[in-house]
1. Lysine pairs in the chain with alpha-carbon atoms under 21 Å apart, 8 or more places apart or on different chains: how many are there?
2. How high is the relative contact order of the stretch 64-128, in percent, with contacts defined as C-alpha pairs under 8 Å that are six or more residues apart?
3. Tell me the GluC sites (Glu not before Pro) within the stretch 18-98 that lie in a loop according to DSSP and have at most 16 other beta-carbon atoms within 10 Å.
4. Name the residue farthest towards the positive end of the dipole of the chain from the options Gly76, Ile16, Leu51, assuming +1 on Cβ of Lys and Arg, -1 on Cβ of Asp and Glu, about the Cα centre.
5. In degrees from 0 to 90, rounded to the nearest 10, what is the angle of the helix 2-23 Cα long axis to the longest principal axis of the chain?
6. Lys5 to Ile127: extension gain in nm, 0.36 nm per residue of separation minus the Cα-Cα distance?
7. Taking a ≥ b ≥ c as the square roots of the Cα gyration tensor eigenvalues, with a/c under 1.5 meaning rounded and otherwise prolate when a/b beats b/c, else oblate, which class fits the stretch 1-64?
8. By how many degrees, between 0 and 90 and to the nearest 10, does the Cα long axis of helix 28-61 differ from the longest principal axis of the chain?
Amino acid sequence: MEATKIIGVGIIALIIIVIIKQYKPEFAIYVSLISGIIIIFLVFNKLAGILNLLTVLSKKTGMNATYLSIILKITGIAILTEFGVSICKDAGEVAIASKIEFGGKIIIMSISIPIISALLEVITTIIP
């Protein structure tokens, strides 16, 4: 059911953008931005359910909560970066989009250092 709502918002936004571009093309980006925000709110409940499930699973398995937090931050940064890149591409600013994408990748790399360190420690204990 949520998929039909998301697709509906996307199609309605597309129709509005096509119509607006004929008369006021500078407003098309606002419609795109608003439709993206609406879609994010539509999937927010699903995201909360996923977060709860991951938290319960991490507690059951005894996984370090720090690692789960890092993974969730990385996922959030990836989603927000992709959203920003898409908005920039919609506006025709491919150069800015590529810089946002590059910045997101660097931030993800810097945040993932504790996981990489822990992984390397495990590898070094396995392979003497």
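Bear in mind that the values in this text are calculations on the coordinates, not laboratory data. Keep in mind it's a predicted model, so treat the numbers as computed, not measured. Note that each Cβ is placed from the backbone with ideal geometry, even for glycine, and that neighbours are counted across all protein chains shown.
1. Qualifying lysine pairs in the chain: 11.
2. Numbers: 30 pairs, mean separation 24.4, N = 65.
Relative contact order here is 38 percent.
3. Hits after loop and neighbour filter: Glu93.
4. Leu51
5. 40
6. Details: separation 122, 0.36 × 122 = 43.92 nm, distance 5.11 nm.
Result: 38.8 nm gained on full extension.
7. Details: a/c = 6.51, a/b = 3.15, b/c = 2.07.
Prolate is the answer for the stretch 1-64, as a/c is 1.5 or above and a/b outweighs b/c.
8. Relative to the chain, helix 28-61 is tipped by roughly 20 degrees.
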